[in-house]
Amino acid sequence: MYTLYYSPGTASMVVHLALLEIDAPYELRLVDFERDAQHSDEYLRLNPRGIVPTLVIDGRPRNESAALLTMLAERHPEAKLIPPSGTPEREAWLQWVVYLSNTLMSAYRFWFYPADLGMAEHTPDVRAALQKKIEAVWHLLDAQLAKDGPYLLGATFSGADLLLTMLMRWSRNMPRPATEWPALKQLADLVRARPSWTKLYELEGLSGW
């Protein structure tokens, strides 16, 4: 039994999707951002950074969405969210998951939270620079998928595609959403057609893209 502390549509999304894909028993606990529950004493004891997700594994709280995706994939190899250890495919999987975490997730943090850059709102130059950084990732990934897709590992779906699709969803209100790149849109359509995506939307009360 796992316990996932989540907030709808946030970085907890990929962990929830992984739990649905592996079909493991789990409990959902909402961290209500509107009530600032992420900074409550109770939650900070689990996650001193006051962020989501937190996943309790065998009584141990763990965090960082890309790491949690990896932990779940490794604990449930039968779900085939991660290739076998020691294979070229495993190396590629780790490469893409770390790349997505280091580039997109960090850039999005500054895009959505200008206070992290010491400002109340982005200046036009800063906003343009962040947009350029994020779109450079879409250019690279679209070329990769167009050449060797439709998934990040070629013909085979994996947990890395769940992470990428979540991050693509975050771009939906940006000046140029990720789905305007054709190979990225194809991958997103494949992932959004999976039962786990439909079930997550039902459980988290999400709608649209």
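The values are calculated or read from the model by the stated rules, or taken from the named source; none is laboratory data. In this text the structure is predicted, and so the values were computed from the model without any measurement. Positions of Cβ are generated from backbone atoms using ideal geometry, with glycine treated the same way; all protein chains shown enter the neighbour counts. Ligands, DNA and RNA are excluded from the accessible area calculation, which covers all protein heavy atoms including side chains. Shrake-Rupley method; radii C 1.70, N 1.55, O 1.52, S 1.80 Å.
Here the sum of -39500 (n - 2.57) over DSSP H runs of 4 or more residues, divided by the residues of the chain, equals -15500 deg cm²/dmol at 222 nm, to the nearest 500.
Measuring nothing but protein heavy atoms, the accessible surface of segment 1-125 at 1.4 Å probe radius is 52 percent carbon and sulfur.
The spacing between segment 99-114 and segment 148-209, judged by their C-alpha centroids, is 17 Å. Remark: segment 56-209 carries a charge dipole of roughly 120 debye about the Cα centre, counting +1 on each Lys and Arg Cβ and -1 on each Asp and Glu Cβ.
Expressed to the nearest 5 percent, the antiparallel share of DSSP beta bridges inside the chain is 65 percent. Using C-alpha pairs below 8 Å separated by at least 6 residues, the relative contact order for the chain is 20 percent.
Normalised per residue, the accessible area of segment 49-158 is 53 Å², obtained with a 1.4 Å probe and no contribution from ligands, DNA or RNA. Full extension of the chain between residue 203 and residue 120 yields a length gain of 26.5 nm, computed as 0.36 nm times the residue separation minus the alpha carbon distance. Over all other residues within a Cβ to Cβ distance under 13 Å of residue 177, the charged ones net out to +1, with Lys and Arg as +1 and Asp and Glu as -1.
In the chain, what is the count of Lys pairs whose alpha carbons are under 30 Å apart, counting only pairs at least 8 residues apart or on separate chains? Lysine pairs satisfying the spacing and distance rule in the chain number 9. Under a 5 Å amide H cut-off, with hydrogens placed 1.01 Å from N, residue 151 pairs with 156 among residues at least 5 apart or on other chains.
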